[in-house]
Amino acid sequence: MGRFTKIVAGVFGMTLLLSGCAMDSLGDPVDASPEPGQENTLGTITAGVLTVCSEIPFEPFEYEDPADPEKYTGFDIDIVGEIATRLGLELVVVDSDFDALQSGLSLATDKCDLGASAMTITEDRRANIDFTDAYYDSLQSLLVAKDSGITSLDDLAGKSIGVQKGTTGEIYAEQNQPEGAQIVGYPSDGELWPALQAGQIQAILQDQPVNVIHARTDAAYVVVAEYQTDESYGMALAKDKNPELLAAVNGALAEMRADGTYKQIYDKYFA
Ligand code: GLN
């Protein structure tokens, strides 16, 4: 994968982005200005740069690179890195709030060109977002402590089910919770998972690949149920704003499927 720039959202990162002055992973300024005569044909918010919002951590899709804390890695990051390369753009990843991303707000306010955050394509979201073609099929799941005796949602009456705010997992929990359960929303999986480990909640209802990683990381936890919700992830763009970029991203994705690059990246994380 090519070099890319990691920017942690916040006033600092946003100021840099808005002023068009990005930094690379070593803190050196990136020369993102177009060559004289070169046009910003894809209409990205910074010429020469593909600015991608992603809510981190969400392993295995987007998380800090254990080999290099200056960088993010994961399935989504590799996919957008490859897309950026094919479009002749430099990738900048901005850690963002998922709820603001899935609502379309971060995209509508020009914080990023693309959201790549394991985001499920839904009809509700389509009202505010243009989705790329689907790039990953997913499902929901229930993660609990191995010694809890909990094996299904029904065992959670009188207990707390943790979810990530604004996600399809939250919707699934709301629609399928047993009477007397309490649903507790967290802004990100980065808070949700420690809450389960600390015993503040008794279960996590979350995308299955992410719960699988938690169970693999800590043998005291186990995925006890999977729910076939027929979800597919898409990358998100501001609604009706940049059809050229949408077409270009879909084109790169199709090329990557055709030439084996997609499969290579897929196997790296899911084989
Ligand atoms: N796939 C889920 C959704 O779209 C969760 C995504 C996430 O938390 N990053 O709601």
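Applying the condition of being away from the ligand (no atom under 16 Å from the Cβ) and among the charged types (D, E, K, R) to the stretch 164-220 and asking which residue is surrounded by the fewest Cβ atoms within 10 Å (Cβ to Cβ) yields GLU179. Within the stretch 254-271, one or more residues are away from the ligand (no atom under 16 Å from the Cβ) and closer than 26 Å to ASP124 by Cα.
Where helices (runs of 4 or more DSSP H) fall entirely within the stretch 51-146, those with at least 2 residues that are surrounded by 19 or more Cβ atoms within 10 Å (Cβ to Cβ), away from the ligand (no atom under 15 Å from the Cβ) and among the hydrophobic types (A, V, I, L, M, F, W, C) are at 75-86.
Yes/no per residue for (1) surrounded by fewer than 14 Cβ atoms within 10 Å (Cβ to Cβ); (2) in contact (Cβ under 8 Å) with a residue 60 or more places away in the chain; (3) in contact with an Asp or Glu (Cβ under 7 Å, 6 or more places away or on another chain):
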| site | (1), (2), (3) |
| --- | --- |
| VAL222 | no, yes, no |
| SER232 | no, yes, yes |
| LYS241 | no, yes, no |
| ASP259 | yes, no, no |
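Just give me the residues in the stretch 221-234 being within 13 Å of the ligand (Cβ to nearest atom) and of a type in the set (D, E, K, R), in sequence order. Break it down into steps so the answer makes sense when it comes.
Here is the first cut: in the stretch 221-234, the ones within 13 Å of the ligand (Cβ to nearest atom) are 227, 229-234.
Within the stretch 221-234, ASP230, GLU231 meet the criteria.
Is it fair to say ILE201 is more than 20 Å from the chain's Cα centre (by Cα) and in contact (Cβ under 8 Å) with a residue 40 or more places away in the chain? Spelling it out, ILE201 is indeed more than 20 Å from the chain's Cα centre (by Cα) and in contact (Cβ under 8 Å) with a residue 40 or more places away in the chain.
Read-outs: derived from the displayed coordinates by stated rules, not from any lab. Remember, it's a predicted structure, so these values are computed and weren't measured experimentally. So basically every Cβ, Gly included, is an ideal-geometry build from the backbone, and we count neighbours across all protein chains shown.
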